[in-house]
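Just below is one structure, and these are the notes that go with it.
Quick note: the coordinates plus some simple rules give every number you see, no bench work behind them. Predicted model, so just to flag it, every value in this text is computed and none were measured. Neighbour counts run over all protein chains shown; Cβ positions are idealised from the backbone, glycine included.
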Amino acid sequence: WTALAGRTLATLLARLRRPDGMLARHLLDGEPGPPAALEDYAALAEAALALAVATGERKWFDGALRLADLAHGLFHDPESGLYRLGPAAGLPIAPVIPDDGPSPSGTALLLGVFSRLARLAPDGPWAARAEALAAALQPLASSRHPLGLAACLAALDAHQRGAHLKILAPAESDDERIAAFRRLATAAFAAGLAGESVPAEGVQAILCLGSRCLAPADAPEVLAAQMEAEHV
């Protein structure tokens, strides 16, 4: 599946490339059509980032960085701190609307990308961009109907919550894996990882990054590998 996803993303990026180097929103008669919108760049950046984590291939990580940077340069609105739906040069009006449509808004997707890049590339501008976008969204989150901003609210929650660890274990269990899981959480505390115990029949640890949770780990070395891969 990762190979198929990689071929699909590579095909999209190649076929949608316009003569000016930017991306098209869709193909028109087999050729790149009108300029891509915010949600297109954000969704492709999210896909490239997911492939980078799944495969460990540097080209996908570099692609995610490039797409996220292009999205910021093309759509950022300094006055509001939010992001326009389309490039200002290509529209009579370039609205700044973070509401969801049939799919999550580009603003929500971009906040998720910025938040993950802030952890994976801490020397870049991503943490500052994520914080600025989250701050710009906060007033809207308290003044607009939540159904219209569901994806943005989820992205805000994931950004603010950061990484956290759920340890599933029977009550009063003395399984040595529980202590090992907690040691890993304690060692990563500076990175925002908190350990939370949840009653369960077996012993497992679940690493969550915002609202995205990884597969349960049944051994400390499995959890350690997940944390290393996610730069926690």
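Odds and ends about this structure:
- Order of V53, V232 under a 10 Å beta carbon neighbour criterion, fewest first: V53, V232
- Size of charge dipole - the chain - debye, nearest 20, with Cβ of Lys, Arg +1 and Asp, Glu -1, no other charges: 500
- Cα point-scatterer Debye curve for the chain, base-10 log of I(q)/I(0) at q = 0.13, 0.14 Å⁻¹: -0.84, -0.94
- In the chain, taking the dipole from charged Cβ atoms about the Cα centre, the farthest positive-side position among V222, A185, A108 is held by A108.
- Mean ellipticity per residue at 222 nm, deg cm²/dmol - from DSSP H runs of n ≥ 4 across the chain, formula -39500 (n - 2.57): -16500 deg cm²/dmol
- Global form of segment 1-86, assessed from the alpha-carbon gyration tensor, a/c cut-off 1.5: oblate
- Residues T2, T55, arranged from fewest to most other Cβ atoms within 10 angstrom of their Cβ, appear as T2, T55.
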